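Remarks on the structure that follows.
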Amino acid sequence: MRTEPERRTMVVSSSLYRHPDSQVLDRVRAHPGDPRAPDIASRIAGQPAAVWFTDHSPGTIAARVRAVTSGAAAQGRVPVLVAYAVPGRDCGGASEACPTVPRTTPGATPSRAGWAPAR
């Protein structure tokens, strides 16, 4: 007889990570004279946001994932990561092209990218 696996609810016990190189922060830095800059910085750029990985190169993605996760760990925060360039997916609509990197490419696995279970 097959039984259902135990379902566990995961509770995040720390705050989400705000990556220091977000596009919103880049915009605020590039337009210091904009009178809206303080509001944009505090209301939008100051909020945690997901970091999207859109590069098709596993080595580049792995390095970026390590940078984001180590930055988050140093602050005791939880990063939100979005894998967008998934081989065989993301091939239509607004996507530029379908990634063709095979799943077995060295460096493409979560463990090699520096991913770890959420704590």
Conditions (1) more than 20 Å from ASP26 (Cα to Cα); (2) of a type in the set (A, V, I, L, M, F, W, C); (3) modelled with pLDDT under 90; number of the one not met by ALA73:
(3)
I need a count of the residues in the stretch 24-42 that are in a helix (DSSP H, G or I) and loosely packed, with under 11 Cβ neighbours inside 10 Å.
2
Do we have ILE61 as part of a helix (DSSP H, G or I), β-branched (Val, Ile, Thr) and either under 15 Å from the mean Cα position of the chain (by Cα) or at pLDDT 95 or above (or both) here?
yes
Only one of these is of a type in the set (Gly, Ala, Ser), over 12 Å from the mean Cα position of the chain (by Cα) and at pLDDT below 90: ALA83, ALA97. Name it.
ALA97
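The values are calculated or read from the model by the stated rules, or taken from the named source; none is laboratory data. The structure displayed is predicted, hence computed values, not measured ones. Counting neighbours? That spans all protein chains shown, and the Cβs are built from the backbone with ideal geometry, glycine included.
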